[in-house]
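Notes follow once the structure below has been shown.
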Amino acid sequence: MTSDVDYKTVMTKALRLLARRDHAKNELKIKLANKIQDANVINKVLEKLEKDGYLDDKAFAIKYLRYRSELGFGPKKIFFEMKNKGLDDQYIQESFDTFDSSWVELTKDAFRKKFGETKNNEIDSKNYEKKIRFLAHRGFSYNDIKTVLGESPQ
C-alpha cells in the first residue's frame, strides 16, 4: 500500500470514530494504532484533524466533565478518567475551573437517585457506611459526602 492510501484509510477510520462520539487525541491515537502500524501516518491524520477542528482536547475535557457529572460521578473519579484518556493536566484543570455546577448539589442528586431523600435519622451504621462508600466510589469528596449526610465536615 502506498502512503497516500494509508493516509486516506486512517483518516476514514478516524472520522468514523469521531462520528460516533468525541475522543481525546491520545485516546484516538491508541485506537488507530491498534489497527494501523504506521505511526507517522497516524500523527499526520491527528494533526490534520486538530487543524480542521475535529479534534480538540480542551473542548473534549469540558464536555467530558459536564457529561460525567450529569451521570452522577464526582470530581475525583472524573479527574482520573480524564487522566486515563491522556488529557493534558492543563486542559483538565481548565475544565474544572470553568465548571459552574456545585459538587455538593451533584452529590445530593446522586444520593437521592440511589437512596431517596437525604434524611440522617438512621442510626444503623451499616447503612450509613454503605451510603458513604457509594458516594466515595462515585468520586465525591469526603467533605461533600459529610455535608450531604448532614454532618459538619472536619
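Only the coordinates and a few stated rules stand behind these numbers; no lab work does. Bear in mind that the values here come from a model prediction, so they are computed numbers and not experimental data. Here Cβ is always computed from backbone atoms with ideal geometry, including for glycine, and neighbour counts include all displayed protein chains.
Return the FRET efficiency for the residue pair Glu105, Tyr142: r is the Cβ-Cβ distance, R0 is 25 Å, and the value is rounded to the nearest 0.05. Please report the intermediate quantities before stating the final value.
Numbers: r = 17 Å, r/R0 = 0.67.
Efficiency for this residue pair is about 0.90.
Using a Gaussian network model on the chain with a 10 Å cutoff between Cα atoms, which of Ala39, Ala24, Ala61 fluctuates the most?
Most flexible of the set in this elastic network: Ala39.
Compute the distance in nm between two label points, each set 7 Å from the Cα along the Cα-to-Cβ direction, one at Asn84 and one at Lys35.
In this crude label model, Asn84 to Lys35 measures out at 2.3 nm.
Of Leu46, Leu87, Leu17, which has the largest mean-square fluctuation in a 10 Å C-alpha GNM of the chain?
Among Leu46, Leu87, Leu17, the largest mean-square fluctuation in the Gaussian network model of the chain belongs to Leu17.
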